[in-house]
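The values are calculated or read from the model by the stated rules, or taken from the named source; none is laboratory data. Predicted model, so just to flag it, every value in this text is computed and none were measured. Backbone-built Cβ (ideal geometry, glycine too); neighbour counts: all protein chains shown. For accessibility, only protein heavy atoms count, side chains too; no ligands or nucleic acids. Shrake-Rupley method; radii C 1.70, N 1.55, O 1.52, S 1.80 Å.
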Amino acid sequence: MNVLETKGLAKTFRIKRKEAGLGASIRSLWAPQWIDKQAVGGIDLTVAEGETVAFLGPNGAGKSTTIKMLTGILHPDSGEANVLGYVPWRDRKRLAYRIGTVFGQKSQLWYHLPPIDTFELMSRIYELDRTEFRQRRDSLIERFELAPYLSTPVRRLSLGERMRCEIACSFLHRPALLFLDEPTIGLDAIIKERIRELIAELNREEGTTVFLTSHDAGDIERLCRRAVVIHHGGIMVDGPVERLKRDILRYKTVTIRTPDAAGPELTFDSTGKEHPAALLSLPFGTQRLPSEPALLKLSVDLTVTEVGVVLAELMSRLIILDVTIEDPPMEEVIKTLYERNQEIPVFEEGTPP
Amino acid sequence: MAVEKRARRSSLLRGTLPFLLTCWKLNLAGAMEFRLSFLLTAGMMFLNNTIWILFWSIFFSRFPSVAGWELSDIMMLWAISAGGYGWASMLFGNFNRIAYLVAQGELDVYLTQPKPLLLNVLASRMSLMAIGDFLFGLAMYVYIGEHTLGGLLRFLLALFLSGLFFLFFTLAAGSLAFFIGNAEGLAYQLFNSYVMFTTYPSDIFKGFAKTLLFTVFPAGFISFMPIGLLRSWDTGFMVTTAAALLLLVSVALLLFYGGLRRYSSGNRMVMRS
């Protein structure tokens, strides 16, 4: 059963355009110039019950605008949408009982009050039965390990603690569909991982459908089974995350800091210039990326080798002060996809799990 | 499904009222978080209003009557104006922040919650300053008001109507933000002018100015209440006031909900406070 369907969903914003300087400002007083910026350009999308969908794209691709139309915040210019049987912008209130929303940048929590008070307010907003509410609240507190922060005003919580409260709050009324807009933005790696685990757990145990927008490749890998990539307001890729990983997210970036200020000898000769022969000595399955002098930045292709193997080889040959392993930035992923799309057709629409 | 049943049975008594009471309770709790600031802010507003009354007493010591108004009428005018603004800002404190919330795209969280949008937005904030205003209104009544049952009921009705005029006029002004974008400055100026005109006797204005006060800028309905309602019940005035209020409420709601279709959200980091 589909919980979300859209057809030709589109939204354009009218933006005032002004040349630089005071003169142009004065001219725009009586002759303003407007341009139409298409944020979302006709999206067709279907999400089945229980799916975990990552909705991806670079900044300005139209992710947040789409999610805002699907939750009833914005009215589209054209197109149709059906979320859990409701047209979001027409049946906003009825839909709201059945969905949960977490906006990384917009909090539901009361800034000056402890999270426990926001739980209380949420129970009234969703008109929860008192006994049911208390049981649910206590189970979420335990699962999200919120007990130590419950009585601390939200303004004194760290970003990670706040986000855990935020997500727990959005699960309070047992939503059938959870929209998460950049839930891990600004969080450190450990907290990100914990938040992903918690959302995945609730998806598994309660069958909550998860629709997530993110900038972070880690969110997608760990949480979602299907990825929809949008760019310039339209869908560019729609397929299983496994496939996306195999084709695009197969690289990890390994950055190594060495004590040698001139840079690792591995790829440099005595003059400090890159030595062609030295490149041959890079570990198998890696490629050197541009970096600062004292750093060695390698792109590791996970389909031919493993990060551990590469690190072991490097440790046997270099003195290593520090190591960072990262996913390539989403902008790079999209760029690669975009370039490929010029050559190969778009993936077929993903099949629900 | 259980949630759908909940949505259906949602009613004023079982759904909206408990929500509003919790909202107000938490607003008050939030205000109490900073005890000193709370006491100083509310206290300063009480003092500010009292100073105005002292000015008027000096004025009336030289001119005992202005267009038929006496000092006691002015004091009751301030009681109604400050008290009405006070309760509206205590219970629905976001009414003079609508332009800001719209322009900054801060309606998102309210739009994702299954409660009447406007009520949810308005009730989500309590103004500390307004507590001082409200208490000042009550203090004025205790000091100079008519202490009979009829007098008390008429005073309470005046407070109620005055608050609604403030709320819906400012809501209409703030909703202009949906149409003209950054309307914060305009809404602020309209609100301030409105407050000012509600604190001067309506009878000192003549001709065009008076017409304005009873039409597009309906502050006159508040500032005539000491004569048309508190001194004695003037049916003609009260019927006109009720009709004007209904019209104002309709215009404000039309502007707000009509404008909502044009709401364009935003991506600022925000938190309710």
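The interface between chain A and chain B buries about 4000 Å² of solvent-accessible area in total (1.4 Å probe, ligands and nucleic acids excluded).
Overall, the accessible surface of segment A:114-164 at a probe of 1.4 angstrom is composed of carbon and sulfur to the extent of 43 percent. Amide hydrogen proximity for B:Ser127: with H placed 1.01 Å from N in the peptide plane, the residues at 5 or more positions away or on another chain lying under 5 Å are B:Met90, B:Gly93. Within the listed set B:Leu156, B:Leu17, B:Leu117, the residue fluctuating most in the Gaussian network model of chain B (springs between alpha-carbon atoms under 10 angstrom) is B:Leu17.
Computed extension length for A:Ile190-A:Thr131: 17.9 nm, one decimal, from 0.36 nm per residue of separation with the Cα-Cα distance subtracted. Rounded, prolate or oblate: which fits chain B, taking a ≥ b ≥ c as square roots of the Cα gyration tensor eigenvalues, rounded meaning a/c under 1.5, else prolate when a/b beats b/c? It is prolate, given that a/c is not under 1.5 and a/b is the larger ratio. Can you list the residues of segment A:112-149 whose accessible area drops by at least 20 Å² going from the chain on its own to the full set of protein chains, with a 1.4 Å probe? Buried by 20 Å² or more upon assembly, which counts only protein chains, are A:His112, A:Leu113, A:Asp117, A:Glu120, A:Leu121, A:Arg124, A:Ile125, A:Tyr126, A:Glu127. Heavy atoms of the protein chains alone define the surface here; on that basis the protein assembly as shown has 46 Å² accessible area per residue at 1.4 Å probe size. Available extension along the chain between A:Ser151 and A:Phe284 is 42.6 nm, counting 0.36 nm per residue and deducting the alpha carbon span. When chain A is treated as a GNM with alpha-carbon contacts under 10 Å, the residue of A:Gly285, A:Gly239, A:Gly72 showing the greatest mean-square fluctuation is A:Gly285.
Using a probe radius of 1.4 angstrom, the carbon and sulfur fraction of the accessible surface of segment B:114-269 is 72%. The label-point distance for B:Tyr188 and B:Leu54, in a model that sets each label 7 Å from Cα toward Cβ, rounds to 2.8 nm.
When the Cα convex hull of segment A:152-236 is projected onto planes of every orientation, the mean area is 6.5 nm².
Site pair B:Met44 and A:Ser316 shows an inter-label distance of 7.2 nm when each label is modelled 7 Å from Cα along Cα→Cβ.
Rounded to whole numbers, the Karplus 3J(HN,Hα) couplings from phi for segment B:181-187 are x, 6, 9, 4, x, 4, 4 Hz, using 6.51 cos²θ - 1.76 cosθ + 1.60 with θ = phi - 60°, and x at Gly and Pro. Other residues with beta-carbon under 13 Å from the beta-carbon of B:Trp69 carry, at +1 per Lys or Arg and -1 per Asp or Glu, a net charge of -2.
Once backbone amide H atoms are built at 1.01 Å from N, A:Leu289 has A:Lys297, A:Leu298, A:Ser299 as its partners under 5 Å, excluding neighbours fewer than 5 places away on the same chain. Full extension of the chain segment joining A:Phe13 with A:Ser28 gains 3.5 nm, where the gain is 0.36 nm per residue of separation less the Cα-Cα distance. List the residues of segment B:69-112 whose accessible area drops by at least 40 Å² when all protein chains are present, compared with their chain alone, using a 1.4 Å probe and counting only protein heavy atoms. Relative to the lone chain, where solvent access is computed with a 1.4 Å probe, segment B:69-112 loses at least 40 Å² at B:Asp108, B:Val109, B:Leu111, B:Thr112.
Using alpha carbon centroids, what distance separates segment B:60-124 and segment B:205-245, in Å? Between the Cα centres of segment B:60-124 and segment B:205-245 lies a distance of 18 Å. With a simple spin-label model that places each label point 7 Å from the Cα along the Cα-to-Cβ direction, the separation between B:Trp233 and B:Phe179 comes to 3.8 nm. For B:Gly43, the shell of other residues with beta-carbons less than 14 Å away shows a net charge of 0, using +1 for Lys and Arg and -1 for Asp and Glu.
Its DSSP H runs of at least 4 residues, each contributing -39,500 (n - 2.57), put the calculated 222 nm mean residue ellipticity of chain B at -22000 deg cm²/dmol, to the nearest 500.
Comparing the full protein assembly with the isolated chain (1.4 Å probe, heavy atoms, ligands and nucleic acids excluded), the residues of segment B:16-59 losing at least 30 square angstrom of accessible area are B:Phe19, B:Thr22, B:Leu26, B:Glu33, B:Phe34.
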